[in-house]
Amino acid sequence: MKCIATLSQRSLLLTVCLMGSSAYADFKALDWVALLPAADYQALLSAPPIQHTGGDGAGAPAPLLNSAAALDTTLDEAMYSTKVRTEFNGQDISLPGFVVPLEYDENQNVTEFFLVPYFGACIHVPPPPPNQIVYVSYPEGLAVESIQEPFVVEGRLNTAITSNDTALSAYSIEAANVKLYEE
């Protein structure tokens, strides 16, 4: 049996196929700063450098922040902020970052993870603010050879709190694609 489609039927089919594949074709590239509300961004800019002194034979470790900054409630609130940029809710975005694995499939591919702005976040102290941690669901699974490799996540961004033993995030992404970051 031969299937013959008219030109208009083929055009309609092509249009439907292109529409379906372009549902996630136009991702808006974001950087991590874009996820911060203006007040949180300004507070974090005013933070003093973290002290990395102390250790073996050096006596008591120095406090992470100086006492004046520790009393700054604006900075303290920004460090734990779950405030989000609601205008990005439901947007198809692209965001680079590092993977903190949470769940694996039977093939040891990562299916749920936190995306963070720098390597070691959620392991080292202090962790990034919750509005700088993104929970990612990727049922397809991601083979992660090294957590030191950066990835780009493309998908639908939502403003949703996710909490577990590892961290608290203020955003989530239903990932359509996850790929190695290339400069």
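What net charge do the residues around Lys83 carry, taking every other residue with its C-beta under 14 Å from that of Lys83, with Lys and Arg at +1 and Asp and Glu at -1? Walk me through the numbers before you get to the answer.
Numbers: positive: Arg85; negative: Asp40, Asp76, Glu77, Glu87.
Overall, the nearby charge balance is -3.
Residues with beta-carbon under 15 Å from that of Tyr171, excluding Tyr171: net charge, scoring Lys, Arg +1 and Asp, Glu -1? Combined, the nearby Lys, Arg, Asp and Glu give -3.
Once the mean of 1/r is taken over each pair of separate Cα atoms and inverted, region 71-179 shows a Kirkwood hydrodynamic radius of 14.1 Å.
First select every other residue whose beta carbon is under 15 angstrom from the beta carbon of Phe119; then total the charges, Lys and Arg +1, Asp and Glu -1. Please list the in-between numbers first.
Numbers: positive: none; negative: Glu145, Glu149.
Result for the neighbourhood of Phe119: -2.
Based on Cα contacts under 8 Å between residues 6+ apart, region 131-183 shows a relative contact order of 47 percent.
Values quoted throughout were computed directly from the atomic coordinates according to the rules given, and no laboratory measurement underlies them. Quick caveat: nothing in here was measured; it's all calculated off a predicted structure. Please note: Cβ atoms are built from the backbone with ideal geometry, for glycine as well, and neighbour counts cover all protein chains shown.
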